[in-house]
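The values are calculated or read from the model by the stated rules, or taken from the named source; none is laboratory data. Everything numeric here is computed off the predicted structure, so don't read it as measured data. Cβ atoms come from the backbone with ideal geometry, glycine included; neighbour counts cover every protein chain shown.
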Amino acid sequence: MVSRRLIWSAVFLLVLSLLVGYGSAFTNAVTGGTEFRLKELGTVIDVIALVSTRHYFQPVSTMELIKGYVASGTINGMLSRALDDPYTRHMDPAAYENMINNTTGVYGGIGIVVGMQEEGLTVVAPIKGTPGERAGLRPNDRIIAIDGKETTFMTLDEAVSIMRGEENTPIDLTIRRGEEILEIHIVRELINVESVTEAEIIDSEYQIGYIQVTNFSDRTYTELVEALERLDNQGMRALILDLRNNPGGTLNAALLVADEFVKDAPLVYLEDRDGNRLPFMAEAAGTREPMPIVVLINGSSASASEIVAGALRDNDLAVLVGTTTFGKGLVQSLYPLRDGSALTITEQGYLTSGGHNINGQGITPDIIVEVTPEEEEAIYLGTAEYDAQLEKGLEVLRSQLGV
């Protein structure tokens with residue numbers, strides 16, 4: 001195997017050869033005004049070496065990466081030109097700090113989940129009880145400007161880093177909602193994002209518990225265990241685990257949650273670029289005694305949510321109700337870089353506990369219950385008069401429990 005030092009050296013020599021071959025085009029790409037950005041060039045070399053040697057599902061040409069940087073002048077421009085993978089991306093130091101804050105669940109901001117769609121920067125969902133929700137932001141709102149700066153050419157990480165900030169500081173968003181343009185003024189707060197937002201006995205006759213998990217972070221497992229203990233003490237006999245609109249989070253959080261229910265079986269398989277599969281096995285110690293479980297899922301249930309739903313279904317521990325999940329079966333590794341920035345790179349794929357590849361396909365529920373976009377939004381906001389997916393879940397558990 002070629003050593004990493006040799007790979008770095010080879011990339012550096014290729015960059016220097018392009019400096020000579022492309023002349024002014026390359027010089028413009030790596031200069032800031034008249035000053036040569038050697039520090040950024042070092043980061044570019046690090047990124048090229050990592051991506052060309054470690055990317056999971058797509059063969060990557062070092063030359064194509066270098067040409068992409070020459071053409072775009074940015075690292076993310078290089079990655080978007082050379083890869084068909086939106087999850088491999090470079091984060092500047094501020095964006096990297098924001099991502100670390102995400103895993104702890106505490107940060108200064110407005111409390112919205114955003115993503116990039118064909119139409120541009122889009123609100124996936126406002127987090128309940130946050131400034132973003134109180135200001136009236138809604139799923140599918142298009143953010144076309146932040147503090148007057150157009151978002152057309154922003155990366156997702158750049159947009160997030162601008163919207164984050166110290167509490168009690170203002171921010172103005174320009175929103176397109178259908179044909180309407182809205183100006184929304186928001187004051188940032190300290191966002192303390194709980195993973196378990198609801199936990200209650202939802203049917204006192206059958207003693208059916210309900211737990212909603214909205215994300216997977218460092219605090220998820222502890223919050224879930226505490227919620228389960230409270231419901232157990234109230235005599236819970238069956239459980240609805242609501243993972244709808246849960247975009248995922250850390251792999252470790254998903255494994256801890258799945259391990260709470262699964263015994264002596266793989267929780268997930270990780271697959272490397274050579275097709276080698278590594279199972280993450282459940283531990284028998286601490287596993288809950290089986291009880292009837294329904295997991296609610298929809299098209300916004302992704303990544304860690306799919307790992308948990310797949311593990312419970314593949315081991316005959318739960319019935320899945322709702323609509324097909326998002327289908328993100330890729331795992332990113334995080335590489336901090338020397339300049340304080342970081343690279344997330346798709347380094348592995350995952351298969352569910354039963355060995356199913358869901359990337360780009362999602363998990364189809366055992367019982368499909370469709371709802372309209374308007375109903376889905378009302379369910380998310382807690383304003384729905386009727387939740388067909390929840391009611392079907394209750395029906396399934398009642399039939400299992402009997403009278």
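Just the residues that are at pLDDT 85 or above and either closer than 18 Å to MET291 by Cα or of a type in the set (Asp, Glu) (or both), please, taken from region 372-389.
Matches in region 372-389: GLU374, GLU375, GLU376, GLU385, ASP387.
Let me confirm something: among GLU133, GLU166, GLU158, which residue is among the charged types (D, E, K, R) and over 23 Å from ALA342 (Cα atoms)?
Result: GLU133 is the single residue among GLU133, GLU166, GLU158 that is among the charged types (D, E, K, R) and over 23 Å from ALA342 (Cα atoms).
I'm trying to understand the selection: among the residues of region 362-391, which are on the phi < 0 side of the Ramachandran plot and surrounded by 19 or more Cβ atoms within 10 Å (Cβ to Cβ)?
Result: ILE363, PRO365, VAL371, GLU376, ILE379, TYR380, ASP387, GLN389, LEU390.
Please pick out the residue among GLU183, GLU118, GLU205, GLU200 that is within 19 Å of the chain's Cα centre (by Cα), surrounded by fewer than 18 Cβ atoms within 10 Å (Cβ to Cβ) and free of Cβ contacts under 8 Å to residues at least 60 places away in the same chain.
Being within 19 Å of the chain's Cα centre (by Cα), surrounded by fewer than 18 Cβ atoms within 10 Å (Cβ to Cβ) and free of Cβ contacts under 8 Å to residues at least 60 places away in the same chain holds for just one of GLU183, GLU118, GLU205, GLU200, which is GLU118.
Within the set of pairs 6+ apart or on separate chains, which have a first residue in region 322-336 that is of a type in the set (A, V, I, L, M), a second that is outside any loop (DSSP other than H, G, I, E, B) and buried (at least 19 other Cβ atoms within 10 Å of the Cβ), and C-beta atoms under 7 Å apart?
Close Cβ pairs (under 7 Å, with a partner that is outside any loop (DSSP other than H, G, I, E, B) and buried (at least 19 other Cβ atoms within 10 Å of the Cβ)) amount to LEU330/THR346; LEU330/GLY349; VAL331/LEU251; VAL331/GLU347; VAL331/GLN348; VAL331/GLY349; VAL331/TYR350; LEU334/ALA342.
Assess whether ALA254 counts as being more than 22 Å from ILE208 (Cα to Cα) and either of a type in the set (Ser, Thr, Tyr) or in a loop (DSSP other than H, G, I, E, B) (or both).
Criteria not met by ALA254.
Name the pairs: first residue in region 208-234 and closer than 11 Å to GLY249 by Cα, second residue in a strand (DSSP E or B) and among the hydroxyl-bearing types (Ser, Thr, Tyr), Cβ to Cβ under 7 Å, at least 6 apart or on different chains?
THR214/THR197
Would you confirm whether or not region 214-237 contains a residue that is in a strand (DSSP E or B) and of a type in the set (Ser, Thr, Tyr)?
no
Where in region 149-204 are there strands (runs of 3 or more DSSP E), lying wholly inside it, with at least 1 residues that are of a type outside the set (Phe, Trp, Tyr) and touching a His at 6+ places or on another chain (Cβ under 8 Å)?
170-177
Would you confirm whether or not region 2-10 contains a residue that is in a loop (DSSP other than H, G, I, E, B), at pLDDT below 85 and closer than 29 Å to GLY275 by Cβ?
Within region 2-10 (the criterion being in a loop (DSSP other than H, G, I, E, B), at pLDDT below 85 and closer than 29 Å to GLY275 by Cβ), the answer is yes, since at least one residue qualifies.
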